[in-house]
Amino acid sequence: MAKMILVTGGARSGKSSFAEALVAKAGRRIAYIATAQIFDEEMRYRVELHRRRRPAAWQTYEAPFEAEKALQDAGHSHDAILFDCVTIYLSNLLCKPGERTEEEEYENVRQAMAQLIASVRHLPAEVTVVFVTNEVGAGIVPENALARRYRDLAGLANQQLAQAANDVYAVICGLPLQLK
């Protein structure tokens, strides 16, 4: 089983930079699993910031859906994988067209996280996988139902990943704190 690390924090906390440093120390052949979809200029700008920071030698896998397959593909030819980020991946799943009950959404997210974890567990032991996620539950209660559901699902997904991870870090003001 590969080593699994979870890095969490708030917006602009420094979690992605910290995670990038972790994978750079963990391996020479690095894969980057990008979950973002670009729908507007703000997201285009954010994606470009991440691209500029990454070394050109890192191989990027675009995986807004079925990211477990990208993990498997990357894990057989890389020794370190950066998955950035879980909460964007979660928003892709929530906004996927189709009618679902709230219960079905919770089960879909639970299954999606279980698939990511299972993919890591099937990778060689010498591989390190670093997941980046946002801590979205520390603020005020959102006023609309979708935002509340997203917050709750992100918290549950983060718990599921943290339980499976070997190491967990929270990054606050650019400073990492090891939780596990």
Which of the following residues is touching a strand residue (DSSP E or B) at 6+ places or on another chain (Cβ under 8 Å) and either aromatic (Phe, Trp, Tyr) or open to solvent by less than 40 Å² (accessible area, probe 1.4 Å) (or both): 94, 82? 82
Pairs, first closer than 20 Å to residue 131 by Cβ in the range 102-115, second modelled with pLDDT of 95 or more and among the aromatic types (Phe, Trp, Tyr), C-beta under 9 Å, six or more apart: 112/89
Against the definition (surrounded by 15 or more Cβ atoms within 10 Å (Cβ to Cβ), closer than 20 Å to residue 134 by Cα and not acidic (Asp, Glu)), how does residue 30 come out, yes or no? no
Quick check on residue 18: is it at pLDDT below 95, of a type in the set (Phe, Trp, Tyr) and either under 18 Å from residue 91 (Cα atoms) or surrounded by fewer than 21 Cβ atoms within 10 Å (Cβ to Cβ) (or both)? no
Here is a list of conditions, (1) in a loop (DSSP other than H, G, I, E, B); (2) modelled with pLDDT of 95 or more, and residue 73 meets all of them except one; can you say which number that is? (1)
For residue 162, are the conditions met, namely being out of contact with any His (no Cβ under 7 Å at 6 or more places or on another chain), open to solvent by less than 60 Å² (accessible area, probe 1.4 Å) and at negative phi? yes
Out of the residues in the range 47-69 meeting the condition of being in a loop (DSSP other than H, G, I, E, B) and at pLDDT below 90, tell me which one is least open to solvent (accessible area, probe 1.4 Å). 54
Candidates 105, 99 - the one that is modelled with pLDDT under 95, open to solvent by less than 20 Å² (accessible area, probe 1.4 Å) and more than 23 Å from residue 16 (Cα to Cα): 105
Residue check: is residue 32 aromatic (Phe, Trp, Tyr) and closer than 19 Å to residue 147 by Cβ? no
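The values are calculated or read from the model by the stated rules, or taken from the named source; none is laboratory data. From a predicted model like this one, the values you see are computed outputs, not experimental measurements. For neighbour counting, all protein chains shown are included, and Cβ atoms are generated from backbone atoms with ideal geometry for every residue, glycine included. Accessible surface areas use protein heavy atoms only, side chains included; no ligands, DNA or RNA. Shrake-Rupley method; radii C 1.70, N 1.55, O 1.52, S 1.80 Å.
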